[in-house]
Each structure stands twice: as C-alpha cells, then as structure tokens.
Amino acid sequence: MAFDLIRISGLRNLTDCEFAPHKGLNLVHGENGSGKTSLLEAIYILGRGRSFRDKQLLNAVQRGKHSFTVFGKKDLQTDQSTIGVSYSTNGANVRIDGEKVTKLSMLAKATPIHIITPRSQEIIENGSSIRRRLLDWGVFHVEPSYQHFSSRYHRALCQRNMALRANTKTAAIWNKELVESGSKMQELRENYFIRVKEEFFKQLDYLEVGLDLEMAFYRGWSRERSLQEVLDEGIAGDENRRFTRMGPHRADILFRINSKNFDKWGSRGQMKLAVFALFFAQAKVISALAKKDTVLLVDDLSAELDKKNVKKIIEQLSFQKNQIFITTSDDQLSIGRSVGKMFHVEHGLVSELGV
C-alpha cells in the first residue's frame, strides 16, 4: 500500500517536485518555511482529499497559480495503483486508476493516512469530538458496514434535533431509527476499541512512558440503561434543552491517571508519547483486521520531545511495517539507509540525500 512515487505541482511553495519514497521510513530535513509541512499536506490530500492545515483547499494553491496537482503511484505487487487529486476554482478532480471519484470516502479506503503534528496533544487535551473522529476513522477502515450505520444515525439525529428546536412534539418518532443504527454503531466501536486498547498499552511499554495510565470508552450514555430507555425517558429534558443529550454522538475515549484527567497531570512530552502510542496501536489493529497498511505522517518530530524520546520514537517507527514520513529541522537527526531514505527540502524542491 506504500507510495513508490509522489509528484506535487503548484501546492503552496512546492512548484514542481517528484520523488521516490522508501516503503518504510522517510526522514525529511529542511529549514522552517522550506516546504516540509507542505510535502506532508500533499500526501495527506492523496488519502483524505482535504488538508489538515486549512479547511479551504483553494488556499493550498500556490500564489500566482490557478490549481495544484498531487499524484501518487503505489505498487501493489500484482498491479499498480495511481491516485491523482487536483484542485482549482472549479473544484476538486479526484481519480483512482484514471477513474473519476466523487466520494472522498473512496480515497480514505484506498489509503489510510494519519498525521501527528505538534498540535496532536489536542486529542487528549481538547473536547470529545476530536477523539470520537479518531475512533470513527479506525472503525471505518476495519468494519465495512460502519459507514452505513453511522450515516443512518446522524441523519436521524439531525431530524430529531430539528424537531426539538421547532418544538413540534414529533422528536420521539425518530427514537426507533436512532436505537437501531446507534446500537450497531456502539457495538462496532466498542469491539474496535477493545483491540486498540490492548495494543495501546503494549506501545506505551515499548516507548517506556512509565505512567499508570488508564484508557476507557464512554459510549455516550450510561451502561446501566439501554439507548431506547435514555431516549424515551429523556425526551422531556431533550425538549427543554432542544437537542438530543445522549447517544453515540456523545461517545468519548477517556485518558486518566489515578482517576484524574491525564491532561491535568501529564507533561506535554508524556502526552505526545501517548499520542504516538495511540496512533501506532491504531495502525497495528487496522493492519491485523483490515489487512491495510497505514501511511503515517509526523510533522516536526522534535517538538516537545527531548533527544532521548526522539530516539525511542525513531526506533519504534523503524519497526513499523507502515510507510512513514517524518519532517524535522534538526540536521543532526538521521536514520540508517537500511531502514529508509532521507530527503532535503529547500526552496520548494525535494532532493534525496546520500544518492
């Protein structure tokens, strides 16, 4: 599933670049503003059809240009696969093996891509929605039916909330659909979470985090009640608040130390190591259950990590069976040629080092 060739044109300060990454570890050096993060953004677009830096893809078009194009080629041993994404004022043009794609979920299924940035501690520090999206991203890749049940649930939830806001007293008619689709969502999420949790603690040990960390899944309502009960019995409170207060849309992953929130007691470095452990765990589970390898992007590896922990991360990354791209401005950071390749980005150009 790894990319053999990546071509970028007109994306931010990357005018016309082409490089052949390693199937394993790829370390990208460059000064601040050289285009390192833009390179990761281009790869991310190949797997998500959107940017992690900006909600508007048009903002990624290089100044003075009318469009950008990102192209990736993957060698699947028996066949080659190509992905192309271009964007202009006319919108996006996405193609897989030359065929036009209209749903971005098809891109995501073709290439699971995740990114760790200096802001990734927000997974632990911020509200539940970011953790819920992370969980759903994993379930989406290992459970083919999950997208169907999730779409059903959120359509019904939208209708129920509209009825609650309009005070039409018709909100309860959506309870049956919410229970049918939401219960299945919860089941698939929880099955996946059990696997991720087991692998997460293994990864914490590998990274020598040394914390008595707890990880739990909150499904969005009390375990002592069924979803049918909380929706039926809570309708008066929902009508008063004018939104649906309980259900899978309120699910969360909880990180705690001695029953206290991790973000209040853990250091920034510890939280970043925990985030790496979580992403490594997800990649392992997706590989085991869906037989897919994840492309992992790491922006500014050295941010908030000391040299000892950077070395541990590099060592653990080298054991991963996934394709990995790491950016750094630390010109002392290196990897062995036996485990990967090193690249340099300067003035918007990408060149391989040691060739």
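The condition (being aromatic (Phe, Trp, Tyr) and over 17 Å from Thr327 (Cβ atoms)) is satisfied by just one residue among Phe68, Phe52, Phe3, Phe19: Phe68. Filtered by the rule that a residue be in a helix (DSSP H, G or I) and surrounded by fewer than 18 Cβ atoms within 10 Å (Cβ to Cβ), region 121-133 gives Glu122, Glu125, Ser128, Ser129, Ile130, Arg133.
Going by the structure shown, is Glu143 of a type in the set (Asp, Glu) and either within 21 Å of the chain's Cα centre (by Cα) or under 17 Å from Phe279 (Cα atoms) (or both)?
On the way: of a type in the set (Asp, Glu): yes; either within 21 Å of the chain's Cα centre (by Cα) or under 17 Å from Phe279 (Cα atoms) (or both): yes.
Criteria met by Glu143.
Checked against the criterion of being in the same structural domain as Ser34 (by TED's automatic domain parsing), over 19 Å from Glu41 (Cβ atoms) and free of Cβ contacts under 8 Å to residues at least 12 places away in the same chain, region 301-309 has at least one qualifying residue.
Considered as a group, the residues in region 134-155 that are of a type in the set (Phe, Trp, Tyr) and over 24 Å from Lys284 (Cα atoms) include one that is surrounded by the most Cβ atoms within 10 Å (Cβ to Cβ), and that residue is Tyr153.
Under 26 Å from the mean Cα position of the chain (by Cα), at pLDDT 95 or above and more than 22 Å from Gln316 (Cα to Cα): does that describe Ser226? Taking the combined requirement at face value, the residue does not satisfy it.
Of the listed requirements (1) of a type in the set (Asp, Glu); (2) more than 18 Å from Leu25 (Cα to Cα); (3) in contact with a Leu (Cβ under 7 Å, 6 or more places away or on another chain), Glu346 misses just one: (3). Under the condition of being surrounded by 24 or more Cβ atoms within 10 Å (Cβ to Cβ) and in a loop (DSSP other than H, G, I, E, B), which residue from region 20-40 is modelled with the lowest pLDDT? Out of the qualifying residues, it is Gly35. Just one residue in the set Thr89, Thr102 is surrounded by fewer than 16 Cβ atoms within 10 Å (Cβ to Cβ), farther than 19 Å from Ser9 by Cβ and either in the same structural domain as Ser34 (by TED's automatic domain parsing) or in contact with a Leu (Cβ under 9 Å, 6 or more places away or on another chain) (or both); that residue is Thr102.
Residue by residue, here is whether (1) within 24 Å of the chain's Cα centre (by Cα); (2) over 20 Å from Tyr44 (Cβ atoms); (3) touching a residue at least 40 places away in the same chain (Cβ under 8 Å); (4) not in a loop (DSSP other than H, G, I, E, B) holds:
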| position | (1), (2), (3), (4) |
| --- | --- |
| Lys311 | yes, yes, no, yes |
| Thr327 | yes, no, yes, yes |
| Gln332 | no, yes, no, no |
| Ser338 | no, yes, no, no |
| His344 | no, yes, yes, yes |
| Val350 | no, no, yes, yes |
| Gly354 | no, yes, no, no |
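Selection within region 284-341: residues that are in contact with an Asp or Glu (Cβ under 8 Å, 6 or more places away or on another chain) and small (Gly, Ala, Ser). The member of this set that is farthest from Leu353 (Cα to Cα) is Ser287.
Within region 98-115, can you find the residues that are without any contact (Cβ under 8 Å) to a residue 60 or more places away in the chain and under 23 Å from Ile324 (Cα atoms)?
If the condition is that a residue be without any contact (Cβ under 8 Å) to a residue 60 or more places away in the chain and under 23 Å from Ile324 (Cα atoms), then Leu104, Ser105, Met106, Lys109 are the ones that fit.
Being modelled with pLDDT under 95 and of a type in the set (Lys, Arg) is a condition met by no residue of region 170-187. Out of the residues in region 51-74 that are of a type outside the set (Lys, Arg) and part of a strand (DSSP E or B), which is farthest from Thr15 (Cα to Cα)? Among those residues, the one meeting the criterion is Gly72.
Mind checking whether some residue in region 113-127 is more than 30 Å from Ile314 (Cβ to Cβ) and over 15 Å from the mean Cα position of the chain (by Cα)?
Within region 113-127, the first condition is being more than 30 Å from Ile314 (Cβ to Cβ), and the residues that meet it are 127.
Going one step further and asking which of them are over 15 Å from the mean Cα position of the chain (by Cα), we end up with 127.
Yes; the residues of region 113-127 include at least one that is more than 30 Å from Ile314 (Cβ to Cβ) and over 15 Å from the mean Cα position of the chain (by Cα).
Being part of a helix (DSSP H, G or I) and acidic (Asp, Glu) narrows it down to one residue among Glu239, Glu214; which is it? Can you show your working first?
On the way: Glu214 fails: part of a helix (DSSP H, G or I).
None of the other options fit; the residue is Glu239.
Listed conditions (1) of a type in the set (S, T, N, Q); (2) under 23 Å from the mean Cα position of the chain (by Cα); (3) surrounded by fewer than 21 Cβ atoms within 10 Å (Cβ to Cβ) are all met by Ser259, apart from (2).
The values are calculated or read from the model by the stated rules, or taken from the named source; none is laboratory data. Keep in mind that this is a model prediction, so the values were computed, not measured. Ideal geometry is used to build each Cβ from the backbone, glycine not excepted, and the neighbour counts take in all protein chains shown.
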